[in-house]
Amino acid sequence: MSDRAVRSVAILGGGIVGLSAAAAFARALPHLVVTLIDTPPDPAALADRLPGSTSAIHRFHASIELEEAALFRAGAAVPRLGLRFRNWPAGSESWFHVHGDHGGLAGNVAFHQLWARARREGQAEAWHLHAAAGVLAAAGRFVHPQPSPPLDAFDYALRLDPPRYRETLAALADRLRVTRLPGTLAAVSRREDGGVAALLLADGRRVEADLYIDASGPAAPLAAAVSPAFEDWSAALPYDRVEIGEGPPSAADPSDTILGGALGWQYAAPLPGRTLLGRIFASAHDDTSAIAIRPGRRRAPWVGNMLTLGDSAVALDPLHWANLHLAQTSIARALELLPGRDFHPIETAEYNRRARLEAERMRDFQALHYLRASADITVPDSLARVVDQFARRGRFVWQDEDSVTEDQWLSALIGLGVVPQATDPLAAAMAPATVAAGMAEMRKALAQLPARVPGYADYLARSGVPER
Amino acid sequence: MNQPRKRVIVVGGGTAGWMAASALARLLPHACTVELVESAEIGIVGVGEATLPHLRAFIETLGLDEAEFMAATHATYKLGIEFRDFGKPGDAYLHPFGDFGRPLNGVPFLHWWLRMHALGQGGDIGEYSVANVMAAARRFAPPAADPATLLSAFSYAYQFDATRFGPYLRSFAEANGVTRTEGRIVSVERDGQSGDVAALLLESGARVEGDLFIDCSGFRSLLLGDALGEAWEDWAHWLPCDRAMAVPCGSPPGEIEPLTRATAMPSGWRWRIPLQHRVGNGYVYSSAHLSDDEASAAILGAIEGEALADPRVLRFRAGRRKRSWSHNVVAVGLASGFLEPLESTSIYLVQIAIQQLIELFPIGRIEDADRAAFNDQVDYEYDRIRDFLILHYHASTRDDSAFWCEVRHNPIPDSLTEKIELFRRAGQIQRYSRGLFFAPSWIAVLIGQGVIPQGWDQRVDAADPAALGQALDRLRGQIVRDVAALPGHRAALGLA
């Protein structure tokens, strides 16, 4: 072991984010002493409580060697293909946001350019019907991606049962020699240079480590003490209240339903035996004891020997299940860039740079949905450029460190009604008749998929997902 | 839809001009007509005998035949750039077009190598690069298609006779409908209201009107610089070389090296670019430190074969126009800016400008947002390349000439300081998703010039050094065996 290596880490927060960090650090660094302070759950820690993930979760699970099949059998997760957007924008037909390729290769020309031209001429079906995942989602069917086309170019996410998923992670953390200490934080002991010297627990225990991670939720007593500066995004993201609940079972469905509305939106994520529900709205309409959120991000998630993860690092509403997604990509980034034990600012700055770019892009992705729902928001310049370029000419504006894939951006832009108004000059060189024939052939192949693929409920039963 | 086609006027018939005309005519036939105005009396610079792998995509996108293109330009294959004497006299390393090793357990190869290197084992990092081993053996075959094989982990570029590339593209462009107008431009007429360029007036009295003007006039920057007066951002304080003395010589007997060589010289550096029929040479120097005559004598003394022409001097300055696209003028190539050819980036910058122009080609009127997006992309590329070039001068311990003492102590951009420090401490490379010079390039130059990280990814600490050493030995051995089975460079080119 090199003499710069971090020898120990203390993680504050016993929810999904804290346990994810504990498992990932323990798995990646076998010499590391990992202590997790199993604080009582914070109801406002959305990343610990929501059922959603993105397709990026597979990479995270691979890194901690958590098998998907085991999650299915434990009833901790089921596969999810997409999000069914209803009434978003208001009055629109429902559409599916799915992961993976839409359309096929067309030489130098992006497929969406050809689709947009056909669409303007009334010759093209909905965008999601040009993706294998979209066709399966619309038909209520599921299969894992296969080696050969057209089932090789799509992806899926997981719908989680948060308490059971947490239990699975806790069991994994225990197997990986993570020490879990039930307790609550009473005080933070600081060094003269501002670094963290120890965490003092309410029962008098003192926990010392080289690195401290605050994964305890938005209140984040440790992060608030060490890195208080917060960037407020409430001008771009209109909702600051979330209500989480549970309802009676609904039909098995590979998609979550997202229902738009004038005063906010709702989600329904069906699990065997029950449906997880949520309502997202603005405090002006608050008549309940809903969870309050303050959209924004901590300016410096990593300062010295303190790193914060989850809702304390980036606070967003649940749209597109950004909360756990960002927490897990952040854990991977922290391991990739883990600084030496002196936590030199040059090293933490690279983590913070990448974290900022990723978070801002996710903010823009969410804000795009509110912009198209006619919410009263201030559109960030970076998002205005994305919308302008796409609306005028179908050009996709990329950004470094975007963890939303281009496919997801296109699916959202088009689903939300931002259809390119003009054909890109490069696409104009392709003859419409040739394109129409190619698209017809593609749709035909995709339309045959549902008959070859099991129904979603069957697939769950075959995978050993318990009834409840 | 069915907008009238834009009249595109390309000014200048050098490499940039014919590349721009070819691409626009071929790829946007419904969006524009292309007329190229050039004067046979004005010579071309013929930059970029050495290229980067991206040029292959340009050739392929236009539907050109690679073998035909290579034959027409007397091209050879290029696996990277060898830098000699940069870090200190006697050093040599290759900046390869390819990866070093492959990730193990999701951790980049560099870190496994650093761990062994700290134990005095593992050898030179170049031994883990297929491109390095192939270049040293003077062998070549295109990358294997199967990404699982070692022989897929590299790329290649061309070294060609740039004076033949333009004429080669000209016949292609004309076959695709580009019209060529011969004549010297005597004045540029601008629209009184918009300030746009309205027409070019030629010596013959002819008037050439257009909607969009592509300035490929080289260093003169006839439209963007002269007519529109776009401001110049000067980088000479970072990159002081401002002359090149170029001279071709005959090829030495034997196998052709599939690489470009850059050798540090007392007042700059010199290039050596082997083509099929000759070798291109040139001394890039700072005129504050060396006279043209001294440079001429130095390059003639350094070349390995008989000089095929008198040395020719080129004058330039490092920097770029603030904006490459202003009004209805888009500058491509030297008219937009200049960075010395240390990393063979000239033709790449031409290509990027053309690619962005195609991506942002006006639909209807020219939008400010499209111009801004174009200029942002050009800045993104230029700034990145600038930092990378400065690194070659900064990461040096040479103190054997006034030039080197000066350049290695010059202040550097903050963005570069951060990159070097991050690498020095942790072996990390700032990540970006597009453009030039990803991690392997930075690793090659930093390590090649003696910046060895003190730390590495801590996930490699748990590995058993003996087992890791064996794994690295197997990898090196496999690369040597795989490369030994490949043909020599001449044979790969179909030469005797």
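Classification of the stretch B:337-381 by its C-alpha gyration tensor yields a prolate form. The axis ratio a/c (a ≥ b ≥ c) is 1.5 or more, and a/b outweighs b/c. Here the Karplus relation 6.51 cos²θ - 1.76 cosθ + 1.60, evaluated at θ = phi - 60°, turns the backbone of the stretch A:213-227 into coupling constants of 10, 9, 10, 8, x, x, 5, 6, x, 6, 5, 4, 6, 8, 9 Hz, with x for every Gly and Pro.
Here the alpha carbons of chain A define both size measures, Rg and Dmax, at 22.8, 76 Å. Karplus-derived 3J(HN,Hα) values for the stretch B:178-189, using 6.51 cos²θ - 1.76 cosθ + 1.60 with θ = phi - 60°, are 6, 9, 10, 10, 8, x, 8, 7, 9, 7, 10, 9 Hz; glycine and proline are entered as x. Scattering from chain B was approximated by placing one identical point on each alpha carbon and applying the Debye formula without solvent; log10 I(q)/I(0) at 0.06, 0.10, 0.13 1/Å stands at -0.29, -0.80, -1.30. When A:Met442, A:Met362, A:Met430 are arranged by Cβ crowding within 10 Å, least crowded first, meaning fewest neighbours, the order is A:Met442, A:Met430, A:Met362. Taken residue by residue and averaged, Cβ atoms of other chains lying within 10 Å of the Cβ of A:332-341 number 4. Relative to the longest principal axis of the Cα atoms of chain B, the long axis of helix B:292-302 makes an angle of roughly 50 degrees. Across the stretch B:421-496 the C-alpha pair distances fall into 10 Å bins from zero in the proportions 15, 25, 36, 19, 6, 0 percent. Below 8 Å, C-alpha to C-alpha, sequence gap of six or more: please give me the relative contact order for chain B in percent. Relative contact order for chain B comes out at 21 percent. Averaged over the residues of B:80-88, the number of partner chain Cβ atoms lying within 10 Å of the residue Cβ comes to 0. A simple charge model with +1 on the Cβ of Lys and Arg, -1 on the Cβ of Asp and Glu and nothing else charged puts the dipole of the stretch A:8-109 at about 160 debye relative to its Cα centre.
When +1 charges are put on Lys and Arg Cβ atoms and -1 charges on Asp and Glu Cβ atoms, the dipole computed for the stretch B:385-441 relative to its Cα centre reaches about 300 debye.
Ordering of B:308-318, B:92-102 by packing is B:92-102, B:308-318, highest average first (other Cβ atoms within 10 Å, averaged per residue). To the nearest Å, what is the center-to-center distance of the stretch B:170-217 and the stretch A:212-258, using C-alpha atoms only? First find each Cα centre; the distance between them is then 58 Å. Dividing the Cα radius of gyration of the stretch B:199-340 by 2.2 N^0.38 Å, with N the residue count, gives 1.29. Placing unit charges on each Cβ (+1 for Lys and Arg, -1 for Asp and Glu) gives the stretch B:420-496 a dipole about its Cα centre, and among B:Gly427, B:Ala492, B:Val480 the Cα reaching farthest toward its positive end belongs to B:Ala492. Note on B:His74 and B:Asp414: the model spin-label points, each 7 Å out from Cα along the C-beta direction, lie 4.9 nm apart. Measuring spread by the Cα atoms of the stretch A:181-323 yields a radius of gyration and Dmax of 18.6, 59 Å. Calculation over all alpha carbon pairs of the protein assembly as shown in 10 angstrom steps from 0 returns a P(r) of 2, 10, 18, 22, 21, 16, 8, 3, 0, 0 percent.
In straight-distance terms, cross-link reach from A:Lys444 covers every one of the aspartates and glutamates whose alpha-carbon lies under 14 Å from its own, apart from those fewer than eight places away in the same chain; here that gives A:Glu125. For the peptide A:397-409, the mean number of other protein chain Cβ atoms found within 10 angstrom of a residue's Cβ is 1. With the convex hull of its Cα atoms as the shape, the stretch A:122-178 has an orientation-averaged projected area of 6.5 nm². Subtracting the Cα-Cα distance of B:Ala175 and B:Arg220 from 0.36 nm times their residue separation leaves 13.3 nm of extension gain. Shape summary: the stretch A:33-80 maps onto an equivalent ellipsoid whose semi-axes, from the alpha-carbon gyration tensor, are 21, 16, 11 Å in decreasing order.
Note that the stretch A:57-141 shows a convex hull volume over its alpha carbon atoms of 144 Å³ per residue. The aspartates and glutamates within cross-link reach of B:Lys419, meaning a Cα-to-Cα straight distance under 14 Å and a gap of 8 or more places when in the same chain, are A:Glu347, A:Glu350, B:Asp383, B:Asp387. For the peptides A:128-139, A:363-374, A:58-69, the ranking by packing is A:128-139, A:363-374, A:58-69, with the highest mean count of neighbouring Cβ atoms within 10 Å listed first.
Mean projected area of the Cα convex hull of the stretch B:116-199, taken over all directions, amounts to 13.4 nm².
Toward the positive end of the charge dipole of the stretch A:13-81, with +1 on the Cβ of Lys and Arg and -1 on the Cβ of Asp and Glu, the farthest Cα among A:Leu19, A:Ile57, A:Pro40 is that of A:Ile57. Working note: Karplus 6.51/-1.76/1.60 with θ = phi - 60° gives the stretch A:412-419 the couplings 5, 4, 6, x, 7, x, 8, 9 Hz, where Gly and Pro are set to x.
Angle of helix A:162-175 to the longest C-alpha principal axis of chain A, folded into 0 to 90 degrees and rounded to 10: 50°.
One chain, two ends: A:Leu200 and A:Gln146. Fully extended at 0.36 nm per residue, the span grows by 14.3 nm beyond their Cα-Cα distance.
Charge dipole of the protein assembly as shown (Cα centre as origin; +1 on each Lys and Arg Cβ, -1 on each Asp and Glu Cβ, all else neutral): 1420 debye, rounded to the nearest 20. Where a ≥ b ≥ c are the square roots of the eigenvalues of the C-alpha gyration tensor, would you call the stretch A:389-468 rounded, which needs a/c under 1.5, or, failing that, prolate if a/b is larger than b/c, or oblate? Taking the square roots of the gyration eigenvalues as a ≥ b ≥ c, the stretch A:389-468 is oblate.
Read-outs throughout are calculated quantities, based only on the coordinates presented, and are distinct from any laboratory measurement. Bear in mind the structure is a predicted one, so any value in this text is a computation, not a measurement. Positions of Cβ are generated from backbone atoms using ideal geometry, with glycine treated the same way; all protein chains shown enter the neighbour counts.
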